[in-house]
Amino acid sequence: MGLIRSWVESANAPDHPFPLNNLPCGVFSRHEAKPRCGVAIGDCVLDVAALEERGLLVLPGGPLMDVPVWNKVMQAGPQVWAAVRARLLEMLGEGSGERAAVEPHLVPLAEVALQMPFLVSEYTDFYAGRHHATNVGTMFRGAENALPPNWLHIPIGYNGRASSVVVSGTAVRRPWGQVKGPDHALPAFQPSRRFDIELELGAVVGTPSVGPVTVAEADAMIFGYVLLNDWSARDIQAWEYQPLGPFQAKATATTISPWIVTRAALEPFRCSTPPREVPLLPHLQEPGPMLYDIALEVGLTPEGGRETVIARTNYREMYYSAAQQLAHHTTSGCPMRTGDLLGSGTISGPAKDARGSLLELSWGGKEPIAIDGGTRSFIEDGDTLVLRGTCLGDGYAIGFGACSGQVLPALPDPYRRP
Ligand code: MN
């Protein structure tokens, strides 16, 4: 399938991130007005909430867009998702007779602020990239014990904090925390000196579940995907993570891109997970291709400086898909909710410059990487980190919008009283 042409001319450029094929879901505000649901098309956002108000978009069980988040649509399930997409394709397609009715509801992207696209119910983060797990395991535990014995059998995860999730553009404050002291000395409480990113993809759960679901059922529950930066304080993490996993190291912030790219838009880019090193138990086996071919990159811009792309990789490097992770998440009977967010785990490729964290790129700070005007081992104050994702189709591209955040200096000691 090639580019689906639209009467919104800017959407027809072969490298534009928001062609008619994409139709990603976001929430925008313009001037001081209240946030509203919108869909990106070319250089504009289409005010779909207004279309629903005017009766141009009639959905079963509606209104579904009378709240400034996509959760009601997400909860309505795959038939409604397909209906929204079909109707938008009809209204925005080249030669549509409805152009005159729809055009007044287009707002230039340059004039809007983008908000959280959905209300995050709960947030789970995984550790499902083979190269990342091997790299980090080697640094933390040595090459012999790099991969934990369970790793090839289940997607390892931990329960994160929904309250930490923020939209792209939100500044991130360097955290304080407890870190290991020198041998036999007390630990220290200080601002993190090894603050880092994790390049991930976030899966957004649409339809809820009760009880265990299969991998195929899990795939059908996923509404779409966002880019996700799991900000990580490595010094805090190294001290706290055993035996229950990350805690405060990952609780400062988690940034997501402002657009949910729907599963329908990603369909042409499906691909299989890499070959299994050991067979999975039947309930975790992939019934069809469940990953996506999404080219990813990370940019770092020092304050007042120019951006350097520090990593390039692809989501297809993951060992487990989001559908496998979601299926595993439900095996205990754990109910999943509309708005649950699942982080893929850091996406690293085999090459040195395909690593999705500074911890790996600088090999624990031992091999600082070159950036514009200097070097980096970990994030310095004022640095802006941006994640980007693109699927390259036949004459068109699918973009996610930037997932960006600037790191601000730590505040003074939060416990010191004058
Ligand atoms: Mn992570």
Notebook entry, point to check: Which one of the conditions (1) surrounded by fewer than 16 Cβ atoms within 10 Å (Cβ to Cβ); (2) outside any helix (DSSP H, G or I); (3) not β-branched (Val, Ile, Thr) does GLN79 fail to meet, given that it meets all the rest?
Noted result: (2)
Note to self: Within segment 258-276, does at least one residue satisfy the condition of being charged (D, E, K, R) and farther than 25 Å from MET74 by Cβ?
What the structure shows: yes
Margin query: If PRO68 meets every condition in (1) farther than 23 Å from THR254 by Cα; (2) assigned to a loop (DSSP other than H, G, I, E, B) apart from one, which number is that one?
Written below: (1)
Check: If only one of ALA216, ALA185 is under 27 Å from GLY26 (Cα atoms) and over 20 Å from the mean Cα position of the chain (by Cα), which one is it?
Finding: ALA216
Check: For GLU144, all conditions in the list (1) away from the ligand (no atom under 15 Å from the Cβ); (2) at pLDDT 95 or above hold save one; what is the number of the exception?
Finding: (2)
Next item on the list: Scan segment 363-418 for residues that are in a loop (DSSP other than H, G, I, E, B) and either touching a Cys at 6+ places or on another chain (Cβ under 8 Å) or β-branched (Val, Ile, Thr) (or both) and jot them down.
Entry: ILE379
Margin query: List the strands (runs of 3 or more DSSP E) inside segment 90-191, counting only whole elements, that have at least 1 residues being of a type in the set (Val, Ile, Thr).
Written below: 106-108, 112-115, 123-126, 165-167, 176-179
Check: Based on what the data block shows, is GLU380 within 16 Å of the ligand (Cβ to nearest atom), of a type in the set (D, E, K, R) and closer than 27 Å to SER192 by Cβ?
Finding: no
Check: Only one of (1) among the hydrophobic types (A, V, I, L, M, F, W, C); (2) within 16 Å of the ligand (Cβ to nearest atom); (3) part of a loop (DSSP other than H, G, I, E, B) is not met by LEU296, so which one is it?
Finding: (3)
Checklist line | Members of segment 232-275 found to be in a loop (DSSP other than H, G, I, E, B) and out of contact with any Phe, Trp or Tyr (no Cβ under 7 Å at 6 or more places or on another chain), listed by number | finding: TYR241, GLN242, PRO243, LEU244, PHE247, ALA251, PRO258, SER272, PRO275
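The values are calculated or read from the model by the stated rules, or taken from the named source; none is laboratory data. Here the structure is a predicted model, which means the values were calculated and not measured. All Cβ positions, even for glycine, are placed from backbone atoms using ideal geometry, and neighbour counts span all protein chains on display.
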